[in-house]
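The values are calculated or read from the model by the stated rules, or taken from the named source; none is laboratory data. What you see is a predicted model, and the numbers here were worked out from it, not measured in a lab. Neighbour counts are summed over all protein chains in view; Cβ atoms, including those assigned to glycine, are modelled from backbone coordinates with ideal geometry. Heads up: the accessible areas ignore ligands, DNA and RNA and are worked out on the full protein's heavy atoms, side chains in. Shrake-Rupley method; radii C 1.70, N 1.55, O 1.52, S 1.80 Å.
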Amino acid sequence: IEAGHLELMGAARNPQNRPVMIVLTDGLANPVPASVAVRKALDARGDGVTIFTIGLGQDHELNVPELREMASKPEYYLHAPDGEDLLAIYDEIAAEIPCPAEAFWGGR
């Protein structure tokens, strides 16, 4: 999260683009506690980064409360029991992030 935050705020960032981070995780905190990731996510959100979190695995194996807290909105936490669920989740995220056609390929 920290590396993504730094990249999204770095010199290469196009200020016309909305900074968005998608965090795909097994939901297990290692080697540092989940509270560190939550704090880093809050820092990024404070700089205007929109964060989506995806917990890959079974609910009982995930730190769901922390993943919800890291996400910009509670509904921006998404659960994928297995890899086959990821396509629908990425489609859902893509629909949530506005990407006007006029900004790309001459509006085609």
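Filter region 87-101 for residues that are among the small types (Gly, Ala, Ser) and modelled with pLDDT of 95 or more and give the result. Break it down into steps so the answer makes sense when it comes.
Kept after step one, since they are among the small types (Gly, Ala, Ser), are these residues of region 87-101: 88, 94-95, 101.
Hit for region 87-101 is 88, nothing else.
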Would a scan of region 26-37 turn up a residue that is under 13 Å from the mean Cα position of the chain (by Cα) and free of Cβ contacts under 8 Å to residues at least 24 places away in the same chain? no
Quick test of your reading of the structure: residue 28 fulfils all but one of (1) assigned to a loop (DSSP other than H, G, I, E, B); (2) open to solvent by less than 80 Å² (accessible area, probe 1.4 Å). Name the failing condition by number. (2)
Residue count for region 31-65, restricted to those that are open to solvent by 60 Å² or more (accessible area, probe 1.4 Å), over 26 Å from residue 16 (Cβ atoms) and not hydrophobic (A, V, I, L, M, F, W, C): 9
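Scan region 1-23 residue by residue and report those that are touching a residue at least 60 places away in the same chain (Cβ under 8 Å) and either within 16 Å of residue 71 (Cβ to Cβ) or hydrophobic (A, V, I, L, M, F, W, C) (or both). Even if it seems obvious, please write down each step before you answer.
First, the residues of region 1-23 that are touching a residue at least 60 places away in the same chain (Cβ under 8 Å): 1, 16, 18, 20, 22.
Listed by number, the residues that qualify are 1, 18, 20, 22.
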Selection within region 50-64 - touching a Gly at 6+ places or on another chain (Cβ under 8 Å) and either assigned to a strand (DSSP E or B) or of a type outside the set (S, T, N, Q) (or both): 55, 56, 57, 61, 62, 64
Of those in region 80-92 that are more than 12 Å from the chain's Cα centre (by Cα) and within 25 Å of residue 42 (Cβ to Cβ), the residue most open to solvent (accessible area, probe 1.4 Å) is 92
